[in-house]
Amino acid sequence: MTRCHIAAIVVLTAATSLSSAYAQNGAQSAAKTVASAQREVLLKADHSWNGVPYTQYSKGRPELAMLKLTIAPHTALPWHTHPFPNAAYVLSGTLTVHDKVSGKTKVFHPGEAFAETVDDVHRGETGDEPVVLLVTYAGTPGVPTSIPAKGEQKEY
């Protein structure tokens, strides 16, 4: 074997070793990235908190909206409806939700998520501390996220 051949074998062996080391480090790095991500399903629902099933999505182009809603202590929101599915997550405070027609009531605490009703008149009520919610709506452009019930004045 000539010196040229030996040099080529040494370079090729070194390159293969380095390539293998980089690949292994990359795989370890990717594994660390995946391992450092945590996935927790907060809510998965085909019906609202009061048991009413969702029937279908709105027609039209989808538009997602996410709101951070802060509600003052001792507040009863106006009675309202939602024209499409949405989900809320309680960051702080305690929210009591009332369904006007059925009379059902449910209390949600920090760290809890719930699916809101569609086309059912309801409202939320706070206690002694403010409530902070993250609410995600699966709507369509130009359609409001909440609609005041008949006789109610304002939208929130």
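The values are calculated or read from the model by the stated rules, or taken from the named source; none is laboratory data. Everything numeric in this text was worked out from a predicted model, so none of it was measured. Cβ placement follows ideal geometry from the backbone for every residue including glycine, while neighbour counts extend to all protein chains displayed.
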inquiry  = Yes or no: the range 132-151 includes at least one residue that is free of Cβ contacts under 8 Å to residues at least 24 places away in the same chain and surrounded by 12 or more Cβ atoms within 10 Å (Cβ to Cβ).
reply    = no
Picking from Ala87, Ala65, Ala72, the residue that is among the small types (Gly, Ala, Ser), touching a Ser or Thr at 6+ places or on another chain (Cβ under 8 Å), on the phi < 0 side of the Ramachandran plot and crowded, with 18+ Cβ neighbours inside 10 Å would be Ala87
_Based on this model, can you work out whether Glu155 counts as modelled with pLDDT under 95, surrounded by fewer than 18 Cβ atoms within 10 Å (Cβ to Cβ) and not in a strand (DSSP E or B)?_
yes
Given the conditions (1) over 16 Å from the mean Cα position of the chain (by Cα); (2) in contact (Cβ under 8 Å) with a residue 12 or more places away in the chain, every one holds for Lys68 apart from (1)
Just one listed residue, out of Glu125, Glu112, Glu152, is of a type outside the set (S, T, N, Q) and touching a Pro at 6+ places or on another chain (Cβ under 9 Å), and it is Glu152
Restricting the range 16-55 to residues that are at pLDDT 80 or above and of a type in the set (S, T, N, Q), the one surrounded by the most Cβ atoms within 10 Å (Cβ to Cβ) turns out to be Ser48
* To do: Test Trp79 against the criterion of being under 23 Å from Gln153 (Cα atoms) and touching a residue at least 60 places away in the same chain (Cβ under 8 Å), and give yes or no.
  => yes
